[in-house]
1. Of all the residues that make up segment 100-111, how many are free of Cβ contacts under 8 Å to residues at least 60 places away in the same chain, surrounded by 17 or more Cβ atoms within 10 Å (Cβ to Cβ) and either touching a strand residue (DSSP E or B) at 6+ places or on another chain (Cβ under 7 Å) or closer than 17 Å to residue 68 by Cβ (or both)?
2. I want to confirm something. Restricting to segment 36-51 and keeping residues that are crowded, with 21+ Cβ neighbours inside 10 Å and under 18 Å from residue 107 (Cα atoms), which single residue is nearest to the chain's Cα centre (by Cα)?
3. For segment 34-64, which residues satisfy the criterion of being outside any helix (DSSP H, G or I), within 24 Å of residue 100 (Cα to Cα) and either in contact (Cβ under 8 Å) with a residue 40 or more places away in the chain or touching a strand residue (DSSP E or B) at 6+ places or on another chain (Cβ under 7 Å) (or both)?
4. Of all residues in segment 112-135, how many are in contact with a strand residue (DSSP E or B) (Cβ under 6 Å, 6 or more places away or on another chain), in a loop (DSSP other than H, G, I, E, B) and closer than 19 Å to residue 14 by Cβ?
5. The conditions are (1) under 25 Å from residue 38 (Cα atoms); (2) exposed (fewer than 14 other Cβ atoms within 10 Å of the Cβ), and residue 135 fails exactly one of them. Which is it?
6. So residue 67 fits all but one of (1) exposed (fewer than 15 other Cβ atoms within 10 Å of the Cβ); (2) in contact with a strand residue (DSSP E or B) (Cβ under 8 Å, 6 or more places away or on another chain); what number is the exception?
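Derivation of every value follows stated rules applied to the coordinates shown; laboratory data play no part. These figures come from a predicted structure and were not determined experimentally. Heads up, the Cβs are rebuilt from the backbone with ideal geometry, glycines too, and the neighbour counts pull from every protein chain shown.
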């Protein structure tokens with residue numbers, strides 16, 4: 001019995017639309033990373049990008065639980081001495097809400113060329129408007145599970 005490996009021209013990619021309003025950041029990021037990797041498909045292969053495209057709207061309305069709005073920090077470094085910039089989650093959500101979701105999903109993808117390729121299929125937008133109407137994305141309903 002031979003193992004089936006999907007070839008790049010045999011992979012069908014769908015477009016999904018996710019409304020991030022009132023969804024918890026971590027739980028949303030797990031589901032998005034799973035779809036970007038292709039783990040929800042029967043032909044999932046770890047060393048091949050079999051995932052789908054995802055368009056996320058209303059990024060500024062995502063929820064963070066507990067005290068994460070004031071205690072969670074995002075760090076970046078310019079490469080120069082003393083070039084560390086630290087921003088808390090409340091400031092990041094008000095200025096760049098797209099980056100909050102993108103960084104959460106990026107941490108859940110492989111840390112290699114394949115992971116960077118998968119992250120390019122994630123499109124995150126502030127508000128309801130997005131430029132991907134021509135791809136006709138299907139509405140993907142991600143339910144929030146209480147007490148899980």
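1. Total meeting the criteria: 1.
2. Taking segment 36-51 as the starting set, the residues that turn out to be crowded, with 21+ Cβ neighbours inside 10 Å are 36-38, 50-51.
Checking which are under 18 Å from residue 107 (Cα atoms) leaves us with 36-38, 51.
On the way: 36: 8, 37: 10, 38: 13, 51: 12 Å.
Within segment 36-51, the match that is nearest to the chain's Cα centre (by Cα) is 36.
3. As a first pass, look at segment 34-64 and keep what is outside any helix (DSSP H, G or I): 38-58, 62-64.
Now drop any that are not within 24 Å of residue 100 (Cα to Cα), which leaves 38-40, 49, 51-58, 62-64.
Across segment 34-64, the qualifying residues are 49, 51, 52, 53, 54, 55, 56, 57, 58, 62, 63, 64.
4. As a first pass, look at segment 112-135 and keep what is in contact with a strand residue (DSSP E or B) (Cβ under 6 Å, 6 or more places away or on another chain): 121-125, 128, 130, 132, 135.
Now restrict to residues that are in a loop (DSSP other than H, G, I, E, B): 121, 125, 128, 130, 132.
If we keep only those that are closer than 19 Å to residue 14 by Cβ as well, we get 121, 125, 130, 132.
Going through segment 112-135 one residue at a time, the tally reaches 4.
5. The single condition residue 135 does not satisfy is (2).
6. Evaluating residue 67 over (1) exposed (fewer than 15 other Cβ atoms within 10 Å of the Cβ); (2) in contact with a strand residue (DSSP E or B) (Cβ under 8 Å, 6 or more places away or on another chain) leaves (2) as the failure.
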